[in-house]
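**Q** Input: one structure, supplied below.
The values are calculated or read from the model by the stated rules, or taken from the named source; none is laboratory data. Since we're looking at a predicted model, the values are computed, not measured. Because the Cβ atoms are built from the backbone with ideal geometry, glycine has one as well, and the counts that use them run over all protein chains shown. The protein model used for the area step is the full one, side chains on, heavy atoms only, and it has no ligands, DNA or RNA in it. Shrake-Rupley method; radii C 1.70, N 1.55, O 1.52, S 1.80 Å.
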Amino acid sequence: KAKALGKNKYVFCNDSMKRETGERTKLLKDLHYALVNDELFLMFQPQVNCDKNLISGFEALVRWQHPQKGMISPGVFIPLAEQSGLIHEIGEWVLINACKQSYTWRKEGFDQHIMAVNLSVEQLKDERIIDKVTRIIGTYHMDPKYLELEVTESVAIHEEDDVIQRLAQFREMGISIAIDDFGTEYSSLSRLKRLPIDRLKLAMEFVRNVDQSEKDQAVAKVIIDLAKNMKFRLIAEGVERKEELDFLMSNGCSEFQGYYFYRPMRVDEINSFEGQEVRL
Ligand code: C2E
Ligand code: MG
Ligand code: MG
Ligand code: MG
C-alpha cells in the first residue's frame, strides 16, 4: 500500500512539475510580447518625509496587464525576466518611463521629488548599463541628483568588484544608490562601510508589527542607528499601521513608504492630489 502511495505521489509531482514548467514557458513567451504590445505599465508609490510633511519621492513599480490573466505581479515576472535575459529590455523600459514621468511632474511644478527605480543585479552585471543610464537621463532630462537606483542587499554582499564599481560610477554621475530590503540578508559590516551607497531601506519584515515584537524593535533600532552613524539616509518600507509609524518615528526614523500613507498608484491618481501635503 505504501508503495502504491509512493508511486502515486511520484506521478503526481512529476505532472505538476511538468505543468509548472509549461506554464512558465508560456508566460515567458507572453512576456516577450508584453513590451511590444504595451502591456507593461508603472505604478508609483509615494515616499513621505514626516519632518517636512512632504512627499519626498516615488518608487516606480512595474506591473504587467496580461491580456488573459489580468494583472501579474513583478514578484512573478521579474524573476522570469532575470532568468531569461529579458530583464535588460524591461529594466530599460522602466527607467525610461520613470524618467519621463519624473520630467512631466517637474514641468508641472512638482520639482523636488526623487524618482527611485529598482535595478536588478543582472542589469548591473552588464557593463553597458552605465552608457544606457547616461543616455536615458540625457534624453529624458532627468537630473541625476533626483534619480535613485535601488539594488538589493545581496548585490552588495556577494557581487564582484565590477558590480560595486558600477555603483560607484553612478554615484560619481550624481545618482544615488539605495539598498532595498535592508536587513534581510545580513550584510557584512566591513563590506557595508566600503559600499558606495546613500540610503538604506529598512525591510518591511522588521516594520511589520514593530510595535509589538521586541526582537523587531531591536533590529529596527540597530538599523536606524547604523544609518545615522554611517550617514546614510534611511527610509522604512511597508508601514501599514499608525503604531508602527509611531515606534519608528520616536526612534529617529523620519522617512516612510507604505500602505499607511499611500499604496502604489497610477499616474492619474497621483495627478489628482491637491498638493504635496502628506496625508497623516
Ligand atoms: P520592492 O522594491 O521592495 O518594492 C516594495 C514592494 O512592497 C512593492 O511590491 C510594494 O507594492 C510593496 N509595498 C509597499 N508598501 C507596502 C505595505 O505597506 N505593505 C505591504 N504588504 N506591501 C507594501 P511590488 O510592487 O509587488 O514589487 C515587488 C518587488 O518586485 C519589488 O520589491 C522589487 O523587488 C520588484 N520590482 C518591482 N518593480 C521592479 C522593476 O521595475 N525592476 C526590478 N528589477 N524589480 C522590480
Ligand atoms: Mg524597491
Ligand atoms: Mg523593498
Ligand atoms: Mg524586494
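**Q** Report the residue count in region 136-169 for those that are in contact with a Leu (Cβ under 6 Å, 6 or more places away or on another chain) and more than 16 Å from ligand 4 (Cβ to nearest atom).
**A** Final tally of qualifying residues: 3.
**Q** Out of all the residues in region 145-195, which are touching a Phe, Trp or Tyr at 6+ places or on another chain (Cβ under 8 Å) and either farther than 25 Å from ILE78 by Cα or of a type in the set (D, E, K, R) (or both)?
**A** GLU153
**Q** Scan region 227-243 for residues that are assigned to a helix (DSSP H, G or I) and buried (at least 19 other Cβ atoms within 10 Å of the Cβ) and report the count.
**A** Final tally of qualifying residues: 1.
**Q** Any residue at all in region 227-234 that is within 15 Å of the chain's Cα centre (by Cα) and more than 16 Å from ligand 4 (Cβ to nearest atom)? Steps first, please.
**A** Going through region 227-234, the residues within 15 Å of the chain's Cα centre (by Cα) turn out to be 234.
Of the ones still in play, those that are also more than 16 Å from ligand 4 (Cβ to nearest atom) are 234.
Yes, that holds for at least one residue.
**Q** Going through PHE182, PHE110 one at a time, which residue ends up being under 17 Å from the mean Cα position of the chain (by Cα) and either within 23 Å of MET43 (Cβ to Cβ) or modelled with pLDDT of 95 or more (or both)?
**A** Within the list PHE182, PHE110, the selection yields PHE182.
**Q** ALA220 passes all but one of (1) outside any helix (DSSP H, G or I); (2) open to solvent by less than 50 Å² (accessible area, probe 1.4 Å); which number fails?
**A** Going through the list (1) outside any helix (DSSP H, G or I); (2) open to solvent by less than 50 Å² (accessible area, probe 1.4 Å), ALA220 breaks only (1).
**Q** May I pose another question? Under 8 Å between Cβ atoms, at least 6 apart or on separate chains: pull out the pairs that start in region 99-119 with a residue that is closer than 21 Å to ASP181 by Cα and end on any residue that is in a loop (DSSP other than H, G, I, E, B) and not acidic (Asp, Glu).
**A** MET115/MET142
**Q** Give me a count of the residues in region 156-178 that are in contact with a helix residue (DSSP H, G or I) (Cβ under 8 Å, 6 or more places away or on another chain) and either within 11 Å of ligand 1 (Cβ to nearest atom) or part of a loop (DSSP other than H, G, I, E, B) (or both).
**A** Number of matching residues: 4.
**Q** Can you name the condition, by its number, that PHE206 falls short on among (1) touching a residue at least 24 places away in the same chain (Cβ under 8 Å); (2) within 16 Å of ligand 4 (Cβ to nearest atom); (3) part of a helix (DSSP H, G or I); (4) crowded, with 18+ Cβ neighbours inside 10 Å?
**A** Of everything listed in (1) touching a residue at least 24 places away in the same chain (Cβ under 8 Å); (2) within 16 Å of ligand 4 (Cβ to nearest atom); (3) part of a helix (DSSP H, G or I); (4) crowded, with 18+ Cβ neighbours inside 10 Å, PHE206 misses just condition (1).
**Q** Kindly provide the set of residues from region 169-185 that are open to solvent by 20 Å² or more (accessible area, probe 1.4 Å) and either in contact with a Cys (Cβ under 9 Å, 6 or more places away or on another chain) or under 15 Å from LEU124 (Cα atoms) (or both), ordered by number.
**A** Those that are open to solvent by 20 Å² or more (accessible area, probe 1.4 Å) and either in contact with a Cys (Cβ under 9 Å, 6 or more places away or on another chain) or under 15 Å from LEU124 (Cα atoms) (or both): GLN169, ARG171.
**Q** With (1) under 16 Å from ALA156 (Cα atoms); (2) within 15 Å of ligand 1 (Cβ to nearest atom); (3) open to solvent by 20 Å² or more (accessible area, probe 1.4 Å); (4) in contact with a Ser or Thr (Cβ under 8 Å, 6 or more places away or on another chain) as the list, and ASP198 as the residue in question, which single condition is left unmet?
**A** (2)
**Q** Looking for whichever is at pLDDT below 95, more than 18 Å from VAL48 (Cα to Cα), aliphatic (A, V, I, L, M) and more than 16 Å from ligand 3 (Cβ to nearest atom) here; the options are ILE130, ILE136, ILE164. Which one fits?
**A** Only one candidate passes the filter, namely ILE164.
**Q** Here's another thing I want to ask about it. Checking ASP268 against (1) acidic (Asp, Glu); (2) open to solvent by 80 Å² or more (accessible area, probe 1.4 Å); (3) closer than 12 Å to GLN47 by Cβ, which test does it fail?
**A** Result: ASP268 passes all but (3).
**Q** Right, another one. Exactly one of (1) closer than 26 Å to GLN47 by Cα; (2) at pLDDT below 95; (3) surrounded by fewer than 20 Cβ atoms within 10 Å (Cβ to Cβ) is unmet by VAL155. Its number?
**A** Here VAL155 meets the rest and fails (3).
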